[in-house]
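The values are calculated or read from the model by the stated rules, or taken from the named source; none is laboratory data. If you're wondering where the values come from, they're calculated on a predicted model, not measured in any experiment. Cβ placement follows ideal geometry from the backbone for every residue including glycine, while neighbour counts extend to all protein chains displayed.
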Amino acid sequence: MKIKMPRWFYQLASPRWFYEFTGALLPWFSAAAILLLVIGTVWGLVFAPADYQQGNSFRIIYIHVPSSILAQSCYMMMAVAGAVGLVWKMKIAHVVAGACAPIGASIAIMSLATGAIWGKPTWGAWWVWDARLTAMLVLLFLYIGVIALNSAFENKASADKATAILSLVGLVNIPIIKYSVEWWNTLHQPATFTVTEKPAMPPEMWVPLLVMALGFYCFFAVVLMSRARTEVLEREKRSDWVKRVIQSY
Amino acid sequence: MGNFSSFADFLQMGTHGLYVWLSYGIALVIFIYNIVSAYWLKRQFFINAKRRLRREQGTV
Amino acid sequence: MKFFLAALKRDLLLVFRHRNDIINPLAFFLMVAVLFPLGVSPNPVFLAEVAPGVIWVAALLACLLSVDGIFRTDYDDGSLEQMLVSSESLLLLVLAKVLSHWLISGFCLAIISPLVAMMFFLPEQGYTALILSLLLGTPTLSLMGAIGAGLTVGLRKGGVLISLLVLPLYIPVLIFGAGTVHAGAMGLPIQGYLALLGAILVLSLMLAPFAIAAALKISVRS
């Protein structure tokens, strides 16, 4: 199952190249993350209009929706990176997948917490068995499983492969879980109005949302790269270039 | 100041101040946790690596 | 096919030698179900209302409990390693193991489930739905559970870990299975629900054996 890939793909597989490349990218992504997050927060909190139904509690959307999207794409990235690692036996891909898990879990917690808090003024309860919230809770469980399995192995190579398989199984299951939870939700609580699905959001509401979402992605990239860089150094600590990096630190 | 007539009004967020600020607070805490934990891992690695390197050079 | 049957026969023989392996999941299933009236209320109306969910949760836990051991003995005595290096198809071997696990857990649970349904005052029209949903749903539980068992068989602390890995994956089966029983108890048509359970079963039959085989290879090599 070997497919010929472009040259950069194989370069990315070299730990040293990865370390230097991400080192060059890191400042740019950090700057972009800070800029986007600050602009998005101020815009969302101060300048975006309040919702005519929900008032100012609507402003929670500017962290709830980006964190929900990010938690899901982070899982997808983890599973895809794991698959790349399995197929092309690429260690860097496993390093990236391993770095995704704790970040994704924390972002899923953020999405759950803000969703629950948003539920209080909207539905009158801190927790509502809403389809999206429940699906996010299951996603958090999937992350917890991946993290637990990864830390249970002593041998790193086996841990990499086992987590890759588990996250792929989870990835296949996510659409089924989402569908089943939505179906279960309509069965048990018909026609609750969902906060995140507004038919037509005016641009002064969704533009800051877009800025925030981009900011979340940049932030994710920054944390992911720095975690992966440390892990690369840890795995390559016997090689000469890492020794030079350590001495010059 | 944007949609709000005063700073106190901004803090109150209508009647939803608690919920909005709690959400943004949690988001901030999780962001800080991510930054600090990534930094901590890196620091820990370099401390251990330097110690190991010094030990190795000492024995040679 | 011959190989498949031989592997299946071997596993079933082993199970019959230790008869506890059959009785344990069943006893566990009954005990968990009994805890609910004791813990909440013996009111017949209430019990009939929660029966589909409780029976399904109990069945799911019984499957989970027993799936942990599906590869354990073969791993411990080294025969799993032999099977992996032998030229016979690993996928068939895995399927045989899962099938034998299902026969001693899910299949038996489906057969004794009317007993629990009776204790929970489930309306009689729901019995067919209960048995059919368990027959169609529990094979998926065995397949998914075997993925978790394959991943954790080489680890010392398998027990709790496997629940963490597998329980989230069980959620769709639980939802559709309990939904089938609900619909059946109310006298609604259940074909749609059974079709969904069947679709999930087909999907996991096609994909899970590959994941189980890959997981076993990792566990044995490490």
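Rundown of residues vs (1) in contact with a Gly (Cβ under 6 Å, 6 or more places away or on another chain); (2) surrounded by 13 or more Cβ atoms within 10 Å (Cβ to Cβ); (3) not in a loop (DSSP other than H, G, I, E, B), yes/no style:
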position	(1), (2), (3)
B:Gly14	yes, yes, no
B:Tyr19	no, yes, yes
B:Ile26	no, yes, yes
B:Ile32	no, no, yes
B:Ser37	no, yes, yes
B:Asn48	no, yes, yes
B:Arg51	no, no, yes
B:Gln57	no, no, yes
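Residues satisfying the criterion are present in the stretch C:43-60 (criterion: polar (S, T, N, Q) and out of contact with any helix residue (DSSP H, G or I) (no Cβ under 8 Å at 6 or more places or on another chain)). Exactly one residue among C:Ala214, C:Ala208, C:Ala129 is more than 15 Å from the chain's Cα centre (by Cα), within 10 Å of chain A (Cβ to nearest Cβ) and small (Gly, Ala, Ser), and that residue is C:Ala214. Is there a residue being more than 10 Å from chain B (Cβ to nearest Cβ), of a type in the set (Asp, Glu) and in a helix (DSSP H, G or I) anywhere in the stretch A:1-21? Checked the stretch A:1-21: at least one residue is more than 10 Å from chain B (Cβ to nearest Cβ), of a type in the set (Asp, Glu) and in a helix (DSSP H, G or I).
Within the stretch A:94-107, can you find the residues that are surrounded by 22 or more Cβ atoms within 10 Å (Cβ to Cβ) and in contact (Cβ under 8 Å) with a residue 40 or more places away in the chain? A:His94, A:Val95, A:Val96, A:Ala97, A:Gly98, A:Ala99, A:Cys100, A:Ala101, A:Ile103, A:Ile107, listed by residue number.
Scanning the stretch A:208-249 for residues that are closer than 12 Å to A:Ser30 by Cα, within 10 Å of another protein chain (Cβ to nearest Cβ) and of a type in the set (Phe, Trp, Tyr) yields A:Phe216, A:Phe219, A:Phe220. Do you know which of the residues in the stretch A:125-145 that are among the aromatic types (Phe, Trp, Tyr) and more than 7 Å from every other protein chain (Cβ to nearest Cβ) is surrounded by the fewest Cβ atoms within 10 Å (Cβ to Cβ)? This residue is A:Trp126. Across the stretch C:136-156, not a single residue is classified as surrounded by fewer than 21 Cβ atoms within 10 Å (Cβ to Cβ), modelled with pLDDT under 95, more than 27 Å from C:Asn20 (Cβ to Cβ) and not acidic (Asp, Glu). So, A:Tyr62, is that one modelled with pLDDT of 90 or more and either touching a Pro at 6+ places or on another chain (Cβ under 6 Å) or at the interface with chain B (Cβ under 9 Å from one of its Cβ atoms) (or both) or not? It is true that A:Tyr62 is modelled with pLDDT of 90 or more and either touching a Pro at 6+ places or on another chain (Cβ under 6 Å) or at the interface with chain B (Cβ under 9 Å from one of its Cβ atoms) (or both).
Conditions (1) assigned to a helix (DSSP H, G or I); (2) modelled with pLDDT of 90 or more; (3) buried (at least 20 other Cβ atoms within 10 Å of the Cβ); (4) of a type in the set (Asp, Glu), marked per residue:
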residue	(1), (2), (3), (4)
A:Ile147	yes, yes, no, no
A:Ala164	yes, yes, yes, no
A:Leu171	yes, yes, no, no
A:Pro175	yes, yes, no, no
A:Val181	yes, yes, yes, no
A:Asn185	yes, no, yes, no
A:Pro199	no, no, no, no
A:Trp206	yes, no, no, no
A:Phe216	yes, yes, yes, no
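On the stretch given as the stretch A:32-46, residues that are under 19 Å from the mean Cα position of the chain (by Cα) and more than 12 Å from chain B (Cβ to nearest Cβ) total 2. Of the helices (runs of 4 or more DSSP H) lying entirely inside the stretch C:74-169, those carrying at least 1 residues that are closer than 25 Å to A:Ala159 by Cα and either out of contact with any strand residue (DSSP E or B) (no Cβ under 6 Å at 6 or more places or on another chain) or of a type outside the set (A, V, I, L, M, F, W, C) (or both) are C:79-85, C:90-102, C:127-152.
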